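In what follows, a structure is listed as structure tokens, so that the remarks can point back to it.
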Amino acid sequence: MLRPLSVGEILDTSFSLYRRHFGALATVSLVCTGLPLVLRLFVEAAGGLFAHLTLALVYFLSLVVLSLIATGATVFIVSESYLGRPLTAREALMRAAPYMGRILIASLLMAVVIGMGFLLIVFPGVILAVGLAVAIPAVVLESGQSASGALSRSWELTRGARWRIFGLGITLFVLLYIPVVAIGGVMAMLIPRGAAVGFGAASTATIVALAIGGVVQLFIYPLFYCVLTVLYYDLRVRKEGFDLELLASSLQTA
């Protein structure tokens with residue numbers, strides 16, 4: 001039965017789900033992030049994005065569409081596993097495809113709202129980012145939820161728990177993104193000046209840097225949404241008694 005979790009338990013549960021379903025999560029990430037990455041590497045090696053505008057457009061479109069599907073599929077895999085109903089990568093991808101539009105609109109709305117918050121000095125942007133932290137799980141997991149409604153839903157769920165979510169975000173940043181930034185810094189030092197410019201074929205160092213960054217992203221992306229999905233359910237357990245609702249539903253089914 002589900003129960004309220006501390007920040008440490010949310011992270012522990014997220015890492016546990018990530019390890020347990022690494023195959024499905026990695027498959028989704030490889031299909032949806034790996035394919036655009038291969039196309040990007042090909043374009044860079046062939047002369048750069050500006051030299052192949054059609055391929056560059058295909059790359060950006062595939063990156064956006066597949067990233068949206070990957071987000072929905074990852075949330076579905078983690079959600080079903082957390083509720084005791086494991087889901088395969090294929091099933092998750094098929095289930096996530098119809099949610100592309102709503103995830104895109106919700107993501108754009110979040111970017112605009114949070115961006116405006118940062119323009120009004122940093123602190124309002126941080127508050128908005130924390131308050132909208134579970135908007136994507138809400139739009140994916142709640143039937144009939146609109147993109148704008150998901151933002152309102154997240155704001156309501158996070159009310160009274162934002163300092164705890166802020167602490168979770170800082171911890172997650174330290175655990176995940178500082179190593180990524182460190183790797184990026186090392187690669188930047190190894191890339192010769194001018195190698196990363198979009199005109200002309202990219203150097204071998206640039207191609208290697210892009211490949212390493214893409215591989216790191218393959219592992220980071222699913223784990224990030226593992227944490228957000230577990231956080232979403234924890235907030236529902238705390239504020240709405242979702243654990244009791246789930247128990248009652250299982251008893252009725254039985």
**OP:** Counting only C-alpha contacts under 8 Å and six or more residues apart, can you give the relative contact order of segment 37-129 as a whole percent?
**Re:** 18 percent
Original post:
Using a 1.4 Å probe, how large is the accessible area of Tyr99, given in Å² and rounded to the nearest 10?
Top reply: 50 Å²
**OP:** Would you work out which of Ser16, Thr54, Gly34 lies farthest towards the positive end of the dipole of segment 1-94, given +1 charges on the beta-carbon of Lys and Arg and -1 on that of Asp and Glu, about the Cα centre?
**Re:** Ser16
Original post:
What net charge is computed for the residues neighbouring Ile207, neighbours being all others with C-beta under 15 Å from the C-beta of Ile207, Lys and Arg scored +1, Asp and Glu -1?
Top reply: 0
**OP:** Kindly identify segment 126-170 as rounded, prolate or oblate by the Cα gyration tensor criterion: order the square roots of the eigenvalues as a ≥ b ≥ c, call it rounded if a/c is under 1.5, otherwise compare a/b with b/c, prolate if a/b is larger, else oblate.
**Re:** prolate
**OP:** Assuming a ≥ b ≥ c are the square roots of the Cα gyration tensor eigenvalues, decide whether segment 87-129 counts as rounded (a/c under 1.5), prolate (otherwise, with a/b larger than b/c) or oblate.
**Re:** prolate
Subject >> Formal net charge of residues neighbouring Gly160 (Cβ-Cβ distance under 12 Å; K, R +1; D, E -1) >> reply: +4
Subject >> Counted charge near Val139, where neighbours are those whose Cβ lies closer than 15 Å (Asp, Glu -1; Lys, Arg +1) >> reply: +2
Subject >> Per residue value of the accessible surface for segment 1-135 (all protein chains in place, 1.4 Å probe), Å² >> reply: 50 Å²
**OP:** State whether segment 1-125 is rounded, prolate or oblate according to the following rule on the C-alpha gyration tensor (a ≥ b ≥ c being the square roots of its eigenvalues): a/c under 1.5 gives rounded; otherwise a/b larger than b/c gives prolate, and the remaining case gives oblate.
**Re:** oblate
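The values are calculated or read from the model by the stated rules, or taken from the named source; none is laboratory data. Note that the structure is predicted; figures quoted are calculated from it, not measured. As a convention, Cβ positions derive from the backbone with ideal geometry for all residues, glycine included, and neighbour counts pool all protein chains shown. Protein only, heavy atoms only, side chains kept; ligands, DNA and RNA dropped before computing areas. Shrake-Rupley method; radii C 1.70, N 1.55, O 1.52, S 1.80 Å.
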